[in-house]
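Beneath this line is the structure, given in structure tokens, with notes to follow.
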Amino acid sequence: MSRIILIALALGLAGCGETEQVVVYKQGKYQGKPDSTPWSNEPLAQEFRGGTWKKGDQKSWEEQIKKRQLAQHEDRRIYQ
């Protein structure tokens, strides 16, 4: 019986032995991917419901975003 208690105690203490995981960043060094403007990317394919803007054209990208927002508006979707 005491052997089972010792095994349970050992397993319980082993579960508490996790070390803290801390990320150390170097000062002045950006660690991630550089961002670009959203309209400088290719739109997704149509089977993924991609947009219709042209790569690099901010105006067509903004029009596509407005069109998508209107399609998500419940009142406009219901009463069309």
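One table, with the values for the structure above:
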read-out: Matching residues, the stretch 1-48, being surrounded by 10 or more Cβ atoms within 10 Å (Cβ to Cβ), hydrophobic (A, V, I, L, M, F, W, C) and assigned to a loop (DSSP other than H, G, I, E, B); value: LEU44
read-out: Test for THR52: is it open to solvent by 100 Å² or more (accessible area, probe 1.4 Å) and either at pLDDT below 80 or among the hydroxyl-bearing types (Ser, Thr, Tyr) (or both); value: no
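The values are calculated or read from the model by the stated rules, or taken from the named source; none is laboratory data. It should be emphasised that the depicted structure is a prediction, and the values quoted were computed from it without experimental measurement. Note that we place each Cβ from the backbone using ideal geometry, even for glycine, and neighbour counts take in every protein chain shown. Just so you know, the surface numbers come from the protein's heavy atoms only, side chains and all, with ligands and any DNA or RNA stripped out. Shrake-Rupley method; radii C 1.70, N 1.55, O 1.52, S 1.80 Å.
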